[in-house]
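These notes are about the structure you will find just below.
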Amino acid sequence: MVARFCMMRRQPGARASGCFRSLADNPSSTRERVISRFLRIALRRPSGRGFAHWIHSFSLHVFTGFAAVAAHYALMYAMLQTGMAAVPASAIGFGAGALTRFTLSYAHIFAPTRGVQAAGLRFIVAIAAQLAANTGLLATFTQAGLTVWPAQVLTTVLLTVVNYLVYRWWVFR
């Protein structure tokens with residue numbers, strides 16, 4: 001059992017009660033340790049092979065995708081607030097999301113077999129294709145009558161699996 005000691009100046013005859021406490025007595029410390037351990041395990045770079053490896057790496061792809069989408073949507077929102085049209089605002093936000101995605105994917109999800117320059121060049125090609133797909137799908141959905149945000153969310157969901165496969169099999173290979 002891990003213990004915490006306190007240092008205090010004792011007067012002769014004074015009791016030292018409360019100076020020795022177990023960390024288990026502090027629920028917030030226990031909770032923080034559990035959360036910290038869970039995050040270390042869950043966010044580690046996947047290793048191995050098989051179905052469990054694919055599930056782990058896809059889960060991380062989705063998790064880091066939330067960060068990329070947050071960057072995308074935040075910048076898109078800011079651009080829309082300036083009066084910019086939806087499709088160009090989405091394209092600019094897409095760039096912010098792309099930078100976030102590359103950084104997290106390279107560092108935490110995939111085990112690149114080439115350096116950052118080779119992966120970066122492949123990522124630029126892949127992201128250009130994704131930008132075209134994002135722009136085309138968003139334009140199609142908005143012209144079909146969907147409002148901007150539902151159209152963008154649907155576009156993002158549709159591109160998630162395709163993006164993962166492109167990154168796994170080509171960009172970070």
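The values are calculated or read from the model by the stated rules, or taken from the named source; none is laboratory data. It should be emphasised that the depicted structure is a prediction, and the values quoted were computed from it without experimental measurement. Backbone-built Cβ (ideal geometry, glycine too); neighbour counts: all protein chains shown. These accessible areas exclude ligands, DNA and RNA; they are computed on the full protein's heavy atoms, side chains included. Shrake-Rupley method; radii C 1.70, N 1.55, O 1.52, S 1.80 Å.
Ranking of 167, 77 by solvent-accessible surface, largest first: 77, 167 (1.4 Å probe, protein heavy atoms only, all chains present). What the Cβ-Cβ distance of residue 169 and residue 51 gives, at R0 = 22 Å and to the nearest 0.05, is a FRET efficiency of 0.85. Applying the criteria of a DSSP loop state and at most 13 other Cβ atoms within 10 Å to the trypsin sites (Lys or Arg not before Pro) of region 54-147 yields 114. Phi-derived couplings, Karplus 6.51 cos²θ - 1.76 cosθ + 1.60 at θ = phi - 60°, listed residue by residue for region 58-70: 5, 4, 5, 4, 5, 4, 5, x, 4, 5, 5, 5, 4 Hz, with x used for Gly and Pro. Rounded to the nearest 0.05, what FRET efficiency is calculated for residue 114 and residue 32 with R0 set to 45 Å and r the Cβ-Cβ distance? The calculated FRET efficiency here is 0.75. Between residue 84 and residue 131, the modelled label-to-label distance comes to 1.2 nm, taking each label 7 Å out from Cα in the direction of the beta carbon. Per-atom-type breakdown for region 64-173 gives carbon and sulfur 73% of the accessible area (1.4 Å probe, protein chains only).
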